[in-house]
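Below: the structure, in C-alpha cells.
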Amino acid sequence: MFVVERVARGHSYLYLVESVRVGKSVRQRIIKPLGCKDVLAASGELDRLVASIARHAERSIILSDIDAGRIAAHRIGAPLLFGRLWDRLGIGEVLNHLLKGRQFGVAVERAVFVATLLRLFVSGSDRSCVDWMQSYAETRDDRLMDLFFH
C-alpha cells in the first residue's frame with residue numbers, strides 16, 4: 001500500500017492505493033480516497049495520519065524520538081578514526097612538546113585536532129565548528145568541549 005497524488009480540476013487529491021495483478025499487468029486499486037491535499041495539510045489531518053502510521057514502524061519511531069529530543073544520537077566515526085591516526089602518528093605529542101612551557105587556558109592540541117577534522121569533513125567557515133562539533137561525541141577531553149560549548 002502507498003499514497004498517490006492525483007490532480008483533478010486544479011486540486012491535488014491523495015488516495016491510499018495498492019498494487020494488484022490483473023492478468024499479466026499490475027494495476028493500482030484505490031482502497032480509500034483521503035481527500036484534498038491542501039485541506040488535509042491545513043487541518044493537520046495529514047500529519048496526524050502520518051504520525052499514527054509511524055507509531056507502527058520501528059525506524060519511524062526512532063527518527064521521531066530523535067526529532068522530539070527524547071533520545072540523542074551522536075556521531076563518533078570521524079573523531080574516533082582520525083583520533084587513533086592522530087595518536088599513532090604522534091601529532092599530539094609533537095604539538096604538546098612545541099607548546100610546552102606556554103600557559104594556554106585551553107587544550108590547544110585538542111583545538112588543533114578539532115580544527116583539522118573540520119577542514120577534512122566540512123567545507124566552510126571555522127565559525128561553524130561549534131555547530132559541527134555538537135553533532136559528534138568527541139569526549140576525549142572535557143576541557144575541549146568546554147572551549148566549544150560554553
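Here region 12-70 is treated as a sphere whose radius is the Kirkwood value from Cα pairs; by Stokes-Einstein at 4 °C and 1.567 mPa s it diffuses with a coefficient of 95 µm²/s. Net charge around Cys36, counting only other residues with Cβ within less than 13 Å of its Cβ (Lys, Arg = +1; Asp, Glu = -1)? Around Cys36, the charge tally is 0. Placing R0 at 25 angstrom, the Cβ-Cβ distance between Val122 and Leu85 gives a FRET efficiency of 0.90 after rounding to 0.05.
Counting charges near Val17 (Lys, Arg +1; Asp, Glu -1) among other residues having Cβ under 11 Å from its Cβ returns a value of +2.
Every read-out reported here was derived from the displayed coordinates using simple, explicitly stated rules and does not represent laboratory data. These numbers were taken from a predicted model, which means no experiment stands behind them. Cβ: placed from backbone, ideal geometry, glycine included. Neighbour counts: every protein chain shown.
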